[in-house]
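Everything below concerns the one structure shown next.
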Amino acid sequence: MRLPNVKGKYSYLFFIPVCVVVILLGYTSFANVLNKGFSYIFSPIYRIALESGERVLDWGEALAGVSSYIEEYKSMQEEIARLKIENSEKIIDYEEYEALKEQEQFLVKDSEYLEAKVLQFNSQGDIIINVGRKSYVEEGDVVILGKAFIGRVFDVGEDSSLVKLPLSKASNFEVIILDSEVDLNEKNKLDSLVKSKGVVSGTVDSIVIENLSINAELEEGDLVLIRDVRVKDIFLLGTLVNISKNPASTYREGVVLPIFEYSNLLTVFVKVE
Amino acid sequence: MNILKTLLYIISIFIFFFLESFFMKVFGFSLFVILTINMWQRVKDIWFFTYISFFGILLDVMLHTAVGMHMSVIAILILLLQLLYLFIPKESNYKYINVFIFIFLYYILSLTMNSLLKESVFPSIESKYLLHTVLKGILSMGICILVDKILLSMRNSKGGGGIRLK
């Protein structure tokens, strides 16, 4: 009766010689048998576990260095924005202007341009910029980037302002349509080149253009320029696409493809009067 | 029913090995030692030592450590744990100090024994490694406390059900 009790209580002591035997077996060819058997079954799991662990570690490292990635991402977005500006310059043939500052001097020399950073993009078609009343920004000021129209200041705070983009439902402007081949850099009489007039309004997802002349020879890719009394100057809005073809209608409509992806904007200029 | 149980055990082995490898890779943290200390004296000795032998050898093979190293470390630590229970009884409020020592020494002994068995040299244990081991010991101890609480609450809820039936 006593032996089983002792066995139960001190069973771990019996395990020690077993361990010694296994260690000794490890120095024999039996180790190879063990190795092959276990490796065959468990190697795939081990590899998957290590790969998963590696991925988690990579993510961990990425999260740890997220601030530097954000900086990098922002600088890349700046670069993209700059490249887009260059692209738009090609469209309207601004050869001599590469930097934004230079562009602002070019636009209207009697106006002052205030550089602003975009703090937030709202999916409803608004952006918040980091300049406000302290920088003499007023409601109705035009916000541009190069020769491209971004929006109008809708609400002014002390250090920030809300800008309504053309995408916003609250935005509508008078526009003119020009042929895509028109060289805007040349001092032409724009009126003679206008294919049609129209009105653009935002629908959050897109910019719709209406009241286009039914007789105008409009083509996909024609330039849409804002010429509105509230804007006071002519700015590029985008290109015309999806022109309606309803012969029964008294006017035509379409969609304006903006030259910028507004959500990617980082720097804009406020035209201060 | 037995087939189902066996199948469940086999799947558990694979899952446990996956988790052990995964946590080892990510945190250098062993689930094997946590499960070991939680199973000790909670399951029948035969199952406990089968588990230690199987996983010990499996880890030795997969981690390329000396065969029998994990088994031996656990055997030594079980012996030590029994000695520790003489000073800090299992029923004591400070019983988790034993758990901490067990886990802390597991990492130290694993490194030492593997180096001794495989390379016949004593490893250099840096203060950074010791610090990491202490942290791992504390974390593992926390997990053990949590497991104990869960088991206790499960037991209580079962007991409570019994009273309600009366």
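The values are calculated or read from the model by the stated rules, or taken from the named source; none is laboratory data. On a predicted model such as this, the values are computed, not experimentally measured, just so you know. Heads up, the Cβs are rebuilt from the backbone with ideal geometry, glycines too, and the neighbour counts pull from every protein chain shown.
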Would you check if there is a residue in region B:32-49 being in contact with a helix residue (DSSP H, G or I) (Cβ under 6 Å, 6 or more places away or on another chain), within 9 Å of another protein chain (Cβ to nearest Cβ), buried (at least 18 other Cβ atoms within 10 Å of the Cβ) and under 23 Å from A:N32 (Cα atoms)? yes
Hey, A:V199 hits all of (1) under 21 Å from A:I127 (Cβ atoms); (2) without any contact (Cβ under 8 Å) to a residue 40 or more places away in the chain but one; which does it fall short on? (1)
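Can you find, within region A:32-58, the residue that is nearest to B:L59 (Cα to Cα) among those that are among the small types (G, A, S) and in contact with a helix residue (DSSP H, G or I) (Cβ under 7 Å, 6 or more places away or on another chain)? Reasoning before the result, please.
Taking region A:32-58 and keeping what is among the small types (G, A, S), we get A:37, A:39, A:43, A:49, A:52-53.
Right, trim to in contact with a helix residue (DSSP H, G or I) (Cβ under 7 Å, 6 or more places away or on another chain) and you get A:39, A:49, A:52-53.
Details: A:S39: 10, A:A49: 14, A:S52: 18, A:G53: 17 Å.
Among them, the one singled out is A:S39.
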Cβ pairs under 9 Å, 6+ apart or interchain, first in region B:4-24 and facing another protein chain (nearest Cβ under 9 Å), second outside any helix (DSSP H, G or I) and surrounded by 11 or more Cβ atoms within 10 Å (Cβ to Cβ), ordered by first then second residue, are B:E20/B:S30; B:S21/B:L63; B:F23/B:F29; B:F23/B:S30; B:M24/B:S30; B:M24/B:L63
When region A:205-255 is checked residue by residue, the ones that are under 17 Å from A:N172 (Cβ atoms), acidic (D, E) and either surrounded by 15 or more Cβ atoms within 10 Å (Cβ to Cβ) or at pLDDT 85 or above (or both) are A:E210, A:D228, A:E253
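May I ask you to list the residues in region A:239-265 that are more than 26 Å from A:K117 (Cβ to Cβ) and in a loop (DSSP other than H, G, I, E, B)? It would help to see each step written out before you state the result.
Applying the first criterion (more than 26 Å from A:K117 (Cβ to Cβ)) to region A:239-265 yields A:239-255.
Listed by number, the residues that qualify are A:N242, A:I243, A:S244, A:K245, A:N246, A:P247, A:A248, A:S249, A:T250.
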Return the total of residues in region B:116-142 being of a type outside the set (D, E, K, R), buried (at least 17 other Cβ atoms within 10 Å of the Cβ) and touching a residue at least 60 places away in the same chain (Cβ under 8 Å). 1
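If you check B:L80, B:L63, which single one turns out to be among the hydrophobic types (A, V, I, L, M, F, W, C), within 25 Å of B:L130 (Cα to Cα) and at pLDDT 90 or above? Spell out how you get there, then give the answer.
Details: B:L63 fails: at pLDDT 90 or above.
It is B:L80.
Scanning region A:42-79 for residues that are of a type in the set (A, V, I, L, M, F, W, C) and surrounded by 13 or more Cβ atoms within 10 Å (Cβ to Cβ), which turns out farthest from the chain's Cα centre (by Cα)? Spell out the reasoning first.
Of region A:42-79, the ones of a type in the set (A, V, I, L, M, F, W, C) are A:42, A:45, A:48-50, A:56-57, A:59, A:62-64, A:66, A:70, A:76.
Checking the rest, the ones that are also surrounded by 13 or more Cβ atoms within 10 Å (Cβ to Cβ) come to A:42, A:45, A:48-50, A:56-57.
Numbers: A:F42: 46, A:I45: 40, A:I48: 36, A:A49: 36, A:L50: 35, A:V56: 27, A:L57: 28 Å.
Among residues in region A:42-79 that are of a type in the set (A, V, I, L, M, F, W, C) and surrounded by 13 or more Cβ atoms within 10 Å (Cβ to Cβ), the one farthest from the chain's Cα centre (by Cα) is A:F42.
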Filtered residue count, region A:11-33, keeping only those that are at the interface with chain B (Cβ under 7 Å from one of its Cβ atoms) and at pLDDT below 85: 3
Checking A:D155 against (1) of a type in the set (D, E); (2) touching a residue at least 40 places away in the same chain (Cβ under 8 Å); (3) part of a strand (DSSP E or B), only one condition comes out false. Which one? (2)
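Only one of A:V131, A:V143, A:V156 is under 19 Å from A:F235 (Cα atoms) and hydrophobic (A, V, I, L, M, F, W, C); which? Before you say what the answer is, go through the steps one by one.
Working: A:V131 fails: under 19 Å from A:F235 (Cα atoms); A:V156 fails: under 19 Å from A:F235 (Cα atoms).
Within the list A:V131, A:V143, A:V156, the selection yields A:V143.
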Give B:M113, B:M71 a once-over and let me know the one that is within 14 Å of the chain's Cα centre (by Cα) and either within 14 Å of another protein chain (Cβ to nearest Cβ) or surrounded by fewer than 16 Cβ atoms within 10 Å (Cβ to Cβ) (or both). B:M71
So which residues in region A:35-45 are within 7 Å of chain B (Cβ to nearest Cβ) and at pLDDT 85 or above? A:F38, A:F42, A:I45
